[in-house]
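What follows is a short report on a single structure.
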Amino acid sequence: MSSDRKVSFIGICFGDSPIRLFLNMWRLQKPFVKLKHFEKFQDTAEALAAFTALMEGKINKQLKKVLKKIVKEAHEPLAVADAKLGGVIKEKLNLSCIHSPVVNELMRGIRSQMDGLIPGVEPREMAAMCLGLAHSLSRYRLKFSADKVDTMIVQAISLLDDLDKELNNYIMRCREWYGWHFPELGKIISDNLTYCKCLQKVGDRKNYASAKLSELLPEEVEAEVKAAAEISMGTEVSEEDICNILHLCTQVIEISEYRTQLYEYLQNRMMAIAPNVTVMVGELVGARLIAHAGSLLNLAKHAASTVQILGAEKALFRALKSRRDTPKYGLIYHASLVGQTSPKHKGKISRMLAAKTVLAIRYDAFGEDSSSAMGVENRAKLEARLRTLEDRGIRKISGTGKALAKAEKYEHKSEVKTYDPSGDSTLPTFSKKRRIEQVDKEDEVIEKKAKKAKVKIKVEEEVVEEEVEEEGVQVVEEQETSVKKKKKKDKKKHIKEELLSEEEPCTSTAIAVCLFLITYTVVPWTGFPHFILLCMA
């Protein structure tokens, strides 16, 4: 469409807004905008193709022909409602375009009076055509929009979790129900799917003796099952009960097979939509992250710190409320890289994994390339960093602090103490020759100590003799001398007892111990001491 006057002149010439001016002039039957050219679409599909091309910023072939034929002849600027479309037209066709608030108000006026501008079209037909085109456009956007493809992943992972819960409930009920009839089978066969298949194939425990279970069980387990069936302590059940149990087993087997099929479908969808995220954290964790955020684009808007604790919101707010430590990981804890890390490094690895995972999410959401090279490279870096952290734990403390410890061969040291039978015998464990040598050494030590004791006693005797001689020279009463002598005797006895107590006791019974007791008596008529030597063997 074009006008006889320029758009800028219309906005300046009149003080009122263009939309009010347009409506007022139209009511007065004096329109200043007239239809220059009208091009009709053949069907709704052609209109939908033209509209989607305009949404993507592209020019349709039919629109390009009209612009070349009419606008170039007018030599006037073109008013457009979309600035992006105006830029494409200026780039492709070299036409000057105008986009401003004045143009937007003018477009509103034209749309409101479209029935009067296009002759031969009734308002009802125009409304029906607009409604049909809107429905077609909505279906097209839902079908081909890249934003809505991850909806299948959200539904698949939710269904997978529901199937796991239902399978656990069904299998628990099946084991408990059939356990009344054959309780020993549950202890022998631990795999749930194998348990249900054996039950479905045999049914009553009386049939186990003639049944062939080699396709499901190894020979040893099969023989054990048959032996347990003959001596089972279970109760007898009717055929109707067995039929209901077998029907439940059929349901468990079918749900297990569908669960396997759904898991393969989820793997393929994740590798097609988010290959780098799948390489980093796995398909299950990646799908749960997308489901928790709502879509891949919403997940790409989150920061790395948010992705790290995504799924642990309750623990986070509880920690903030109670002023305790916040959680270090959420759904990302189930990733393989975090699982194979030691407990003290899990927080650090989860933080680094979240940072790399956010890069992979944004690359998958906004990138045009569908390869997983970036994810493989980042995962290799994380694994190298993990090995570095684990090796740092065995680093040897040295002067520089950089030397690595020598990895010694691992030897299992059992804490179980063994019984020592050597304590049962009271006989000496050493040889006779060694015992004789030990006794000789003990004799030499005792003789040396005895000689030292003799020397000390002789010195004390000389001192006592000198004192007695001095006492003989002086004339002292017999009572006083006797008291002094008794005191001296007590001191000597005390000294001798100390000397004897210092000697080590001898355990050998073959050595004679001599105790030298020296006493003296004073004869009053002579005044000289007499020494008596008592030798005791």
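The values are calculated or read from the model by the stated rules, or taken from the named source; none is laboratory data. Because the structure is predicted, anything quoted here is derived from the model rather than measured. FYI the Cβ positions are ideal-geometry reconstructions off the backbone, even for glycines, and counts take in every protein chain you see. Ligands, DNA and RNA are stripped out before the accessible areas are found, and what is left, the full protein with its side chains, is counted by its heavy atoms. Shrake-Rupley method; radii C 1.70, N 1.55, O 1.52, S 1.80 Å.
Among the residues of segment 276-284, is any of a type in the set (S, T, N, Q) and free of Cβ contacts under 8 Å to residues at least 12 places away in the same chain?
The answer is no, given that none of the residues of segment 276-284 is of a type in the set (S, T, N, Q) and free of Cβ contacts under 8 Å to residues at least 12 places away in the same chain.
Being open to solvent by 20 Å² or more (accessible area, probe 1.4 Å) and either over 16 Å from Leu217 (Cα atoms) or of a type in the set (A, V, I, L, M) (or both) is the filter here, so list the residues in segment 180-204 that pass it.
Trp180, Pro183, Ile188, Leu193, Asp204
Examine segment 230-253 for a residue that is under 42 Å from the mean Cα position of the chain (by Cα), touching a residue at least 12 places away in the same chain (Cβ under 8 Å) and open to solvent by 100 Å² or more (accessible area, probe 1.4 Å), and state whether such a residue exists.
Checked segment 230-253: no residue is under 42 Å from the mean Cα position of the chain (by Cα), touching a residue at least 12 places away in the same chain (Cβ under 8 Å) and open to solvent by 100 Å² or more (accessible area, probe 1.4 Å).
Return the residues of segment 34-89 that are of a type in the set (Val, Ile, Thr) and closer than 23 Å to Leu133 by Cβ; say none if nothing qualifies.
Thr44, Thr52, Ile59, Val66, Val80, Val88, Ile89, listed by residue number.
Between residues in segment 62-76 that are modelled with pLDDT of 70 or more and residues that are small (Gly, Ala, Ser) and surrounded by fewer than 12 Cβ atoms within 10 Å (Cβ to Cβ), which pairs lie under 6 Å by C-beta distance while being six or more apart or on different chains?
Short answer, once both residue conditions are applied: none.
List the number of the failed condition for Phe51; all other conditions in (1) in contact (Cβ under 8 Å) with a residue 60 or more places away in the chain; (2) assigned to a loop (DSSP other than H, G, I, E, B) hold.
Here Phe51 meets the rest and fails (2).
Kindly indicate whether any position in segment 249-266 is in contact with an Asp or Glu (Cβ under 9 Å, 6 or more places away or on another chain) and closer than 18 Å to Ser372 by Cα.
Yes, segment 249-266 contains a residue that is in contact with an Asp or Glu (Cβ under 9 Å, 6 or more places away or on another chain) and closer than 18 Å to Ser372 by Cα.
Is it true that Lys58 is open to solvent by 90 Å² or more (accessible area, probe 1.4 Å), at pLDDT 75 or above and part of a loop (DSSP other than H, G, I, E, B)? Walk me through it before giving the result.
Values: open to solvent by 90 Å² or more (accessible area, probe 1.4 Å): yes; at pLDDT 75 or above: yes; part of a loop (DSSP other than H, G, I, E, B): yes.
Yes; evaluated as a whole, the condition is true for this residue.
Restricting attention to segment 102-142, which residues are open to solvent by 100 Å² or more (accessible area, probe 1.4 Å) and within 24 Å of Glu76 (Cα to Cα)?
Answer for segment 102-142, where residues must be open to solvent by 100 Å² or more (accessible area, probe 1.4 Å) and within 24 Å of Glu76 (Cα to Cα): Arg108, Arg111.
What are the pairs with Cβ atoms under 8 angstrom where one residue, in segment 332-352, is within 16 Å of Arg379 (Cα to Cα) and not assigned by the TED database to the domain that holds Ile290 and the other, located anywhere, is modelled with pLDDT under 90 and β-branched (Val, Ile, Thr)? Sequence gap at least six, or different chains.
none
What are the residues in segment 369-403 that are at pLDDT below 55 and under 28 Å from the mean Cα position of the chain (by Cα), if any?
Once the filter is applied, which keeps residues that are at pLDDT below 55 and under 28 Å from the mean Cα position of the chain (by Cα), segment 369-403 yields only Lys396.
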